[in-house]
Amino acid sequence: MTRLFGDAMPEPEPGLDDAGFWAACAKERLVVRHCEDCGRAHHPPLPRCPSCRSTRLDWREPRGPAEIFSFTRVHHAAHEAVVDHLPYDVIVVAWPDTDGVRMVSNLVGGGEPRIGARVELVWERLGSGMRLPRFRQVD
């Protein structure tokens, strides 16, 4: 897959809380935080479980098929790197069987986004070796 927005788009800068997420992405593996005490999943990654405040957290792959929870079509550039790529779709992906975990990403591959449509994970390879999770609508 080619870069969605080209080389001018800044890449993510992993921090303390999300370093494990980006390390898994580099291996083309999508993970979310999971609490070892209460069993709840959450995203984005936080230093504590938002449900029980535990710090005993690990990383697990989301369960079940992903679907579009929400979306918007962007027509105005918020960054100079996207000017030549307008319009583009920003989607919120949900895994119905994973504690309401939702992830913001982009829809690739064309088509009209539809709430409830199933999506499959695809990886965007960046020049640095980092990978970004994107999604393609499958129904």
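The values are calculated or read from the model by the stated rules, or taken from the named source; none is laboratory data. Quick caveat, the model's predicted, so the values are computed rather than measured. Cβ sites come from the backbone with ideal geometry, for glycine too, and all protein chains shown count toward neighbours.
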The condition of being loosely packed, with under 12 Cβ neighbours inside 10 Å and at pLDDT 95 or above holds, among Asp58, Asp37, Asp7, only for Asp58
Among the residues in the range 54-67, are any polar (S, T, N, Q) and under 30 Å from Pro87 (Cα atoms)? no
Going through the range 61-97 in order, the residues found to be at pLDDT 95 or above and of a type in the set (Phe, Trp, Tyr) are Phe69, Phe71
- Query: Quick check: anything in the range 70-86 under 26 Å from Glu13 (Cα atoms), in contact (Cβ under 8 Å) with a residue 60 or more places away in the chain, of a type outside the set (A, V, I, L, M, F, W, C) and buried (at least 18 other Cβ atoms within 10 Å of the Cβ)?
  - Reply: no
